[in-house]
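Before any comments, here is the structure.
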Number of protein chains: 2
Amino acid sequence: MAAKSLFVALCVLLEAAAFGPVPRITWEHKEIHLTHLKVEGVLNYTSLLLSEDENILYVGAREVIFAVKSINITEKIHEAYWKVSDEKSDACGKKGKSRQTECFNFIRVLQPLGDNVLYVCGTHAFQPTCDHLDLNTFQFLGKNEDGKGRCPFDPAHSYTSVMVDGELYSATSNNFLGSEPIIFRHSQQSQLRTEYAVPWLNEPNFVYADVIRAPQSNPEGDDDKVYFFFTEVSVEFDFLSKLLIPRIARVCKGDQGGLRTLQKKWTSFLKAKLICYSPENNFIFNVINDVFILKSPDLKEPVIYGVFTSNLNNVGISAVCAYNVSAVEAVFATGKYMQSATVEQSHTKWVRFNGEIPKPRPGACINNEARSLNYTSSLNLPDKTLRFVKDHPLIEDSVDPIGNKPRLMIQNVAFTQIVVDQVTALDGITYDIMFLSTDKGKLLKAVNQQSEMRIIEEIVLFPDMEPVQNLLLSTKQRKRYIYAGSSVGVVQTPVAFCEKFTSCIECALTRDPYCAWNKVESSCVNIFQDRNDDRLLIQALNGDTSQCQDSIDKGTENTVMHTVKSGSMVELSCSHKSKLASLVWTFNNERLSDNNPRYRLLHKGILIFNVTEVDTGTYQCLFQESLMGNLNSQLIISYVIELEKIPPPLLTTFH
Amino acid sequence: MAAKSLFVALCVLLEAAAFGPVPRITWEHKEIHLTHLKVEGVLNYTSLLLSEDENILYVGAREVIFAVKSINITEKIHEAYWKVSDEKSDACGKKGKSRQTECFNFIRVLQPLGDNVLYVCGTHAFQPTCDHLDLNTFQFLGKNEDGKGRCPFDPAHSYTSVMVDGELYSATSNNFLGSEPIIFRHSQQSQLRTEYAVPWLNEPNFVYADVIRAPQSNPEGDDDKVYFFFTEVSVEFDFLSKLLIPRIARVCKGDQGGLRTLQKKWTSFLKAKLICYSPENNFIFNVINDVFILKSPDLKEPVIYGVFTSNLNNVGISAVCAYNVSAVEAVFATGKYMQSATVEQSHTKWVRFNGEIPKPRPGACINNEARSLNYTSSLNLPDKTLRFVKDHPLIEDSVDPIGNKPRLMIQNVAFTQIVVDQVTALDGITYDIMFLSTDKGKLLKAVNQQSEMRIIEEIVLFPDMEPVQNLLLSTKQRKRYIYAGSSVGVVQTPVAFCEKFTSCIECALTRDPYCAWNKVESSCVNIFQDRNDDRLLIQALNGDTSQCQDSIDKGTENTVMHTVKSGSMVELSCSHKSKLASLVWTFNNERLSDNNPRYRLLHKGILIFNVTEVDTGTYQCLFQESLMGNLNSQLIISYVIELEKIPPPLLTTFH
């Protein structure tokens, strides 16, 4: 049929156009039960902080902070408003900013400071201000600290921060115009900042910061390190337009700045390029949007996950790259430095520095090697080392992803945020499950199984396609949750929708490490929520669904009777969520083929024309999905069609 | 309905994913009459040469040359085979090349040499060889010239050539390995070539060459110039991978080489980057695939059209950029030179040369200025000028496209070749009509109308999706044709399919400058083929179709009667070629809406369920297309539905 063949043609076109795995299932917003936090008149729910011990989620929005139950974010526990005074708002408006959209107090820093205090900073009508929020009273203490360097002036400017042992490490812009980037440590003991110079930071867009602790057994006597992730304008590369490049920068926690050179500046600031490149097809992902550092006692070392897009020929490709922390440390510990050189009197070019490198190594933390040379603090590092690192903050070596290629590449989507959960499934294998939010309000759940990257499902978090701006994962609760913040609200979603699958085969075909079929209860359950006896549970992550054959198929009980008039047309509907499955119809156990003029197979059903006696009987709709070369079938619904008994001819005159 | 809504959803997705204009009409291969040349056992029809005077198309394929009638290429006039001997083929096989696919004589040069001779070169089993083909006898003269520098050794290597006043200018690789690129002039008087050095040519992929004559009135006394177009590895730019860059290079016809420096080498070889960049969305088209130089007495100056793709994040975007020859000449005549500089002893960087430039200007043709300094030939140019151009062949200034952006950008297609026709339509405006072939065997016809780039139609030339490797336009004949060569054959297509449109509105809505509605004949005609009296013709290139209202609509006569049984289902079909149009159904002059359960609107028709007396009457299908804010309608077909007469009421008798 014409419409059908066109439909198929379009599908083919679509597949030819896009690459990357297709989400197996899309959960529309209305199909699933998601929990929302959305308060009338409140916008920009962009700062999220989870207290797993207290089971509280703190939400920083425009001019307000909420404390809500992490198990159910609709349940508000506290709220604390922090508004901009009319005078401040007026003054902001007079500086040319919009009183309707910009001259508010956008909460940008929300970090725990001791047990009962949150450290909070907001843009405060282009006068960044920080305060302490007492968690007992949920009242601000009215500290009114100057927030410069910790919080941007402009809500449109980038920012990130992390609290490490009571000291706030932040990266943002340090002035009204947003032209002065800064990486800053706010501390009672030692406030430090970056040099304001192009080689240090060149129009950066900060996306993430986190601490990575030195291992307990640490033969080098190394320090804890704080890593910053951003995209900036590259100084070392050249093309027709400005070239953006993703960077990783790090500072040492023990840094005290220099005594003369680099006084109150980082002596341990080094940066390198963070490569997310697919050599196979020359895809360069040169914009980093977010990072998640997976730290787990089970892991040999932390793994850095980054989500990337591209600003070169960007027709909507996104990627995930993963990096070993040891690879990052090796680059900073042993990589070559870059230096700028003047060519022909007027051009500055960045090339590898081939000269002699001062000792201790510039930009290194104070470690055993430095201490053996009698340098016990950055304050007494030799001037030669400090002057060198001031001029050579850029390492030439790149931080390359694990496997030297992206973990996942996908078209027609722009990833905004990432969190990664680790799940040890019933097969004993630990899976890294990536949750990727998009600029269209969706959440993708991706996992590598049998060397293949699959997207188990896609969840429409914000039906109005609001970009997801913040993502948090809660794993300490019995049921694991994801919290997603956007301009319009916060959405809480469980990590899996196991209960949606009503047969063993369907539950197994999801190959979702969170889900398993409970043989006794005949239901698809979340293994973390309901893990009693693994022997009762069936998972088929390796694609072998044979265990399901013994279990009861509830689907077979779903039978519908239809009594129809001879000569009429009947439509039987049937559909399945899996985009990887196909539907098959049988009539009295014979498969219906596609080219019979008596009926028409539709995408979600079948039309039977001009029903006569020969069309009566049982119609069954099965879904079929191939997995590891095996075809899995499951009956979805049965219809029994009967003809109306022809009434005595008298009655037929009254139509 | 579910299937329909999914279909719509898919269409939306598709549109969101792709950008650029959609071809209004796609002509499938079977729908149109195309003429083919395809000879059993002959492959690689990649060299085409048209003799407009003789109305002959010469086709160079693998080991054979055909002469066919340009009006109908199935009519073969002559053929001349030029095969590789068994010994040569053996020798080629022994060098590690494939006897099945490579060790043949692939014709790569096919150029006119005087009135009755063609100059022909072939790869000749990796021993490039040239010969003369006598057009009177269609026999080779057996010259067996060494074809090195004119024809590649390897059929996979790039090549281009142009014959200028009996001298062959060629660009290809000069050795067996393909590692030595060359731009060469084969001439009795003065054979010249490029230096074999990275700054001159760096892994180039040659796509086109042509001569641009100095204007008749030429105050500078300038020379004719031969331009070469290629993509090469850039020396001046740096990124994570090798950066390709499109180049335009030129030499002067009068160049005789240097006397000592650059002896038998070009003294006039200069190259510059050819930019095809969209600043708006940072799309960089850094691979050039083909060029067409539009030369016309009506034009102030020739216009260079190039088709581009990208090898950076290439998910299938193509572009057309156009350049004024005066802009090209200005870059070569006044642009800054680039020079390589060694940085920190070990890095080579290319930067602008800011020193003093020798006189006469290095790389310039011998013009009045040079002659006034007593330099009348390149042979007596000062050594300083020659040494400079030897080391500085690259100009820093870029050749920028007209309007500083692409003429056309489109996704999910890779353009391979371009020809451009100029058509003065009935409105007196001259349109540049671009014919763009693709790597999937299609031809797109694009034109800029009312500041909007439109794709009038798309023609499936090769149903097996063979890439189009050569495109020629014939305009001297009464009917204009395009010839497209591929691996499997040559296809000849008219430039327009006016006769396919059977109503004035449909003819006008094509907005095809070639087509007009003949009021007297009531047919859509090609204005070049049938241009008698413009007053009889209707075109609506500006979108105003009001003139059509007076003309007779043949469509209204298309009425079909259907007599059907009560209670049965009826399918009425109707479709239209235009992808920009929609179909509208009326029943007894009332428009049918989409949400009536009695019928279902399909993409190419309508289904009416359970027909009863109330459904009898006239169904009309109209197509509607918006143009410049006006909705144009045209009746396509009318159906009249009647019910079968009910047989005598034998059964309904009273008892």
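The values are calculated or read from the model by the stated rules, or taken from the named source; none is laboratory data. What you are looking at is a predicted structure, and each value in this text was computed from that prediction instead of being measured. Ideal geometry is used to build each Cβ from the backbone, glycine not excepted, and the neighbour counts take in all protein chains shown.
Here are some notes:
- Total residues in the range B:303-331, condition touching a Pro at 6+ places or on another chain (Cβ under 8 Å), within 14 Å of chain A (Cβ to nearest Cβ) and surrounded by fewer than 22 Cβ atoms within 10 Å (Cβ to Cβ): 0
- Yes/no for A:Ile293 being among the aliphatic types (A, V, I, L, M) and either within 18 Å of A:Asn324 (Cα to Cα) or touching a Gly at 6+ places or on another chain (Cβ under 8 Å) (or both): yes
- Residue check for A:Val560: under 25 Å from B:Phe609 (Cβ atoms), of a type outside the set (Gly, Ala, Ser) and in contact (Cβ under 8 Å) with a residue 60 or more places away in the chain: yes
- In the range B:385-397, the residues that are closer than 18 Å to B:Val331 by Cα and surrounded by fewer than 20 Cβ atoms within 10 Å (Cβ to Cβ) form Cβ pairs under 7 Å with partners that are at pLDDT 95 or above and small (Gly, Ala, Ser), at six or more places apart or across chains, as follows: B:Glu396/B:Gly335; B:Asp397/B:Ala272; B:Asp397/B:Gly335.
- Check on B:Cys151, out of contact with any Asp or Glu (no Cβ under 9 Å at 6 or more places or on another chain), under 29 Å from B:Lys225 (Cα atoms), of a type in the set (A, V, I, L, M, F, W, C) and surrounded by 22 or more Cβ atoms within 10 Å (Cβ to Cβ): yes
- Tally, over the range A:85-109, of residues that are closer than 17 Å to A:His157 by Cβ and in contact (Cβ under 8 Å) with a residue 24 or more places away in the chain: 10
- Only one of the listed residues (B:Leu135, B:Leu113) is out of contact with any helix residue (DSSP H, G or I) (no Cβ under 7 Å at 6 or more places or on another chain) and farther than 28 Å from B:Thr493 by Cβ. That residue is B:Leu113.
- Scanning the range B:322-337 for residues that are part of a strand (DSSP E or B) and out of contact with any Leu (no Cβ under 8 Å at 6 or more places or on another chain) yields B:Ala322, B:Asn324.
- Listed conditions (1) surrounded by 20 or more Cβ atoms within 10 Å (Cβ to Cβ); (2) assigned to a strand (DSSP E or B) are all met by B:Ser340, apart from (1).
- Any chance A:Leu572 is within 19 Å of B:Met569 (Cβ to Cβ), surrounded by 13 or more Cβ atoms within 10 Å (Cβ to Cβ), within 14 Å of chain B (Cβ to nearest Cβ) and at pLDDT 85 or above: yes
- Per the conditions (1) under 13 Å from A:Ser398 (Cβ atoms); (2) of a type outside the set (A, V, I, L, M); (3) at pLDDT below 95, the sole criterion not satisfied by A:Lys336 is (3).
- On inspection, A:Gly567 passes the criterion of being on the phi > 0 side of the Ramachandran plot, within 14 Å of chain B (Cβ to nearest Cβ), surrounded by 15 or more Cβ atoms within 10 Å (Cβ to Cβ) and modelled with pLDDT under 80.
- Filter result for A:Lys390 (within 14 Å of chain B (Cβ to nearest Cβ), more than 30 Å from A:Lys445 (Cα to Cα), in contact with a strand residue (DSSP E or B) (Cβ under 9 Å, 6 or more places away or on another chain) and of a type in the set (D, E, K, R)): no
- Considering (1) in a loop (DSSP other than H, G, I, E, B); (2) touching a residue at least 40 places away in the same chain (Cβ under 8 Å), the lone condition that B:Asn175 does not fulfil carries the number (2).
- Some residue of the range A:151-163 being modelled with pLDDT under 95 and within 19 Å of A:Cys365 (Cβ to Cβ): no
- For the range A:103-115, filtering for residues that are in a loop (DSSP other than H, G, I, E, B) and modelled with pLDDT of 95 or more leaves 3.
- Output for the range B:270-286, where each listed residue is within 11 Å of chain A (Cβ to nearest Cβ), part of a strand (DSSP E or B) and closer than 24 Å to B:Leu201 by Cβ: B:Lys273, B:Tyr277, B:Ile284
- Taking the listed residues B:Lys253, B:Lys295, B:Lys300, the one that is without any contact (Cβ under 8 Å) to a residue 40 or more places away in the chain, on the phi < 0 side of the Ramachandran plot and away from chain A (no Cβ under 14 Å) is B:Lys300, with no other qualifying.
- Subset of the range A:69-87 [touching a Leu at 6+ places or on another chain (Cβ under 8 Å), farther than 25 Å from A:Asn144 by Cα and of a type in the set (A, V, I, L, M, F, W, C)]: A:Ile73
- Single residue of the range B:599-645 satisfying the filter (away from chain A (no Cβ under 11 Å) and in a loop (DSSP other than H, G, I, E, B)) that is surrounded by the most Cβ atoms within 10 Å (Cβ to Cβ): B:Thr616
- Once the range A:57-82 is narrowed to residues that are more than 21 Å from the chain's Cα centre (by Cα) and of a type in the set (Val, Ile, Thr), the residue that is surrounded by the fewest Cβ atoms within 10 Å (Cβ to Cβ) is A:Thr74.
- A:His347 falls short on exactly one of the conditions (1) under 30 Å from B:Thr342 (Cα atoms); (2) touching a Leu at 6+ places or on another chain (Cβ under 7 Å); (3) not polar (S, T, N, Q), and that condition is (2).
- Residue check, A:Glu220 surrounded by 16 or more Cβ atoms within 10 Å (Cβ to Cβ) and in contact with a helix residue (DSSP H, G or I) (Cβ under 7 Å, 6 or more places away or on another chain): no
- Subset tally (residues that are more than 13 Å from the chain's Cα centre (by Cα) and either within 23 Å of A:Cys524 (Cα to Cα) or surrounded by fewer than 21 Cβ atoms within 10 Å (Cβ to Cβ) (or both)) for the range A:456-480: 14
- Within the range A:11-40, the set of residues being facing another protein chain (nearest Cβ under 9 Å) and either at pLDDT 50 or above or surrounded by fewer than 16 Cβ atoms within 10 Å (Cβ to Cβ) (or both) comprises A:Cys11, A:Leu13, A:Ala16, A:Ala18, A:Phe19.
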